[in-house]
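Peer 1: Sending over a structure as structure tokens; questions will come in a sec.
The values are calculated or read from the model by the stated rules, or taken from the named source; none is laboratory data. Nothing here was measured: the structure is a model prediction, and the numbers come from that model. Positions of Cβ are backbone-derived with ideal geometry, glycine not excepted, and every protein chain shown enters the neighbour counts.
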């Protein structure tokens with residue numbers, strides 16, 4: 001990744017910040033975007049100390065004009081775009097029949113799906129010039145339903161369909177499209193900011209992570225390996241591939257496995 005110009009959204013904390021730090025240690029030139037300028041400045045400082053170059057762009061992925069600003073900043077600073085990691089995400093935890101504010105569904109779609117669209121569209125011509133890569137941080141929920149996450153699942157399914165189609169369109173144009181299907185991830189603020197039934201962020205919660213959850217370090221290592229290999233799709237952990245196959249062959253069995261995992265999450269909160 002030495003001297004490669006990489007854009008990362010949702011870079012002020014969690015996986016975005018971890019990926020930024022890992023790429024900086026490899027000598028990347030980073031353009032990082034998030035809404036929280038103070039936190040983003042700290043990430044930029046850490047990246048520079050790690051040996052990379054980094055600049056902060058305060059912005060919101062749900063605004064198309066901020067997607068344009070992100071690409072323009074990278075071109076102005078580094079002269080090119082070699083990669084875009086669309087990492088910004090927002091989740092929920094509530095049964096659909098308990099949801100009181102349906103506007104959360106629009107917000108989930110804007111952040112998880114349209115946010116990626118708004119950022120990759122202006123970057124795409126530059127990625128074509130450099131035979132670069134677009135990396136969409138999705139979820140295994142982009143492949144199958146998970147109770148309490150209807151809006152999030154719908155948005156990730158939209159992102160999955162977009163990436164699958166964009167990959168086909170870019171064949172022969174040199175742009176790689178990698179979709180990262182993650183399991184529950186430890187060390188992020190996704191649950192803290194997740195919408196509850198009332199449409200407000202859940203904040204601090206006692207709900208524990210599954211024993212199958214993935215650490216930031218594991219996720220970063222797998223993602224950067226996938227990028228270096230120009231993979232098409234990456235499932236983390238890899239054994240979840242079996243669940244996606246089971247969903248096709250024996251959907252009821254797959255749903256039962258998912259339901260048990262969700263039930264354990266609810267039990268850990270009680």
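Peer 1: Do we find that residue 167 is under 21 Å from the mean Cα position of the chain (by Cα), surrounded by 15 or more Cβ atoms within 10 Å (Cβ to Cβ) and at pLDDT below 90 in this structure?
Peer 2: So residue 167 does not fit the description; no.
Peer 1: Could you say which residue among 108, 84, 90 is closer than 23 Å to residue 219 by Cα, in contact with a helix residue (DSSP H, G or I) (Cβ under 9 Å, 6 or more places away or on another chain) and modelled with pLDDT under 95?
Peer 2: Of 108, 84, 90, the one residue that is closer than 23 Å to residue 219 by Cα, in contact with a helix residue (DSSP H, G or I) (Cβ under 9 Å, 6 or more places away or on another chain) and modelled with pLDDT under 95 is 90.
Peer 1: Keeping to segment 1-29, report how many residues are buried (at least 24 other Cβ atoms within 10 Å of the Cβ) and under 17 Å from the mean Cα position of the chain (by Cα).
Peer 2: Count: 13.
Yes/no matrix, rows are residues, columns are (1) crowded, with 22+ Cβ neighbours inside 10 Å; (2) over 13 Å from the mean Cα position of the chain (by Cα); (3) at negative phi:
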{"position": "92", "(1), (2), (3)": "yes, yes, yes"}
{"position": "108", "(1), (2), (3)": "yes, no, yes"}
{"position": "118", "(1), (2), (3)": "yes, yes, yes"}
{"position": "145", "(1), (2), (3)": "no, yes, yes"}
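Peer 1: In addition: What about residue 65, is it surrounded by fewer than 23 Cβ atoms within 10 Å (Cβ to Cβ), without any contact (Cβ under 8 Å) to a residue 24 or more places away in the chain, within 21 Å of the chain's Cα centre (by Cα) and outside any strand (DSSP E or B)?
Peer 2: Answer is yes for this residue.
Peer 1: So, of the residues in segment 170-189 that are more than 22 Å from residue 95 (Cα to Cα) and out of contact with any strand residue (DSSP E or B) (no Cβ under 8 Å at 6 or more places or on another chain), which turns out to be surrounded by the fewest Cβ atoms within 10 Å (Cβ to Cβ)?
Peer 2: Once the filter is applied, the top-ranked residue is 172.
Peer 1: Looking at this structure, is residue 197 outside any loop (DSSP other than H, G, I, E, B), under 28 Å from residue 256 (Cα atoms) and either out of contact with any strand residue (DSSP E or B) (no Cβ under 6 Å at 6 or more places or on another chain) or at pLDDT 95 or above (or both)?
Peer 2: No, not satisfied.
Peer 1: Could we say that residue 59 is free of Cβ contacts under 8 Å to residues at least 40 places away in the same chain, crowded, with 20+ Cβ neighbours inside 10 Å and within 20 Å of the chain's Cα centre (by Cα) here?
Peer 2: So residue 59 passes the test.
Peer 1: Return the only residue of 267, 212 being modelled with pLDDT under 80, surrounded by fewer than 19 Cβ atoms within 10 Å (Cβ to Cβ) and part of a helix (DSSP H, G or I).
Peer 2: 267
Peer 1: What do you reckon, is residue 76 at pLDDT 95 or above, surrounded by fewer than 15 Cβ atoms within 10 Å (Cβ to Cβ) and more than 23 Å from residue 122 (Cα to Cα)?
Peer 2: Here the answer is no, as residue 76 does not meet what is asked.
Peer 1: I've got another one for you. Mind listing just one residue for me: the one in segment 30-40 that is in a helix (DSSP H, G or I) and in contact with a strand residue (DSSP E or B) (Cβ under 6 Å, 6 or more places away or on another chain) and, of those, surrounded by the fewest Cβ atoms within 10 Å (Cβ to Cβ)?
Peer 2: Ranking the candidates gives 37 first.
Peer 1: If we scan segment 122-138, do we find a residue that is modelled with pLDDT under 95 and either surrounded by fewer than 18 Cβ atoms within 10 Å (Cβ to Cβ) or more than 13 Å from the chain's Cα centre (by Cα) (or both)?
Peer 2: No: zero hits.
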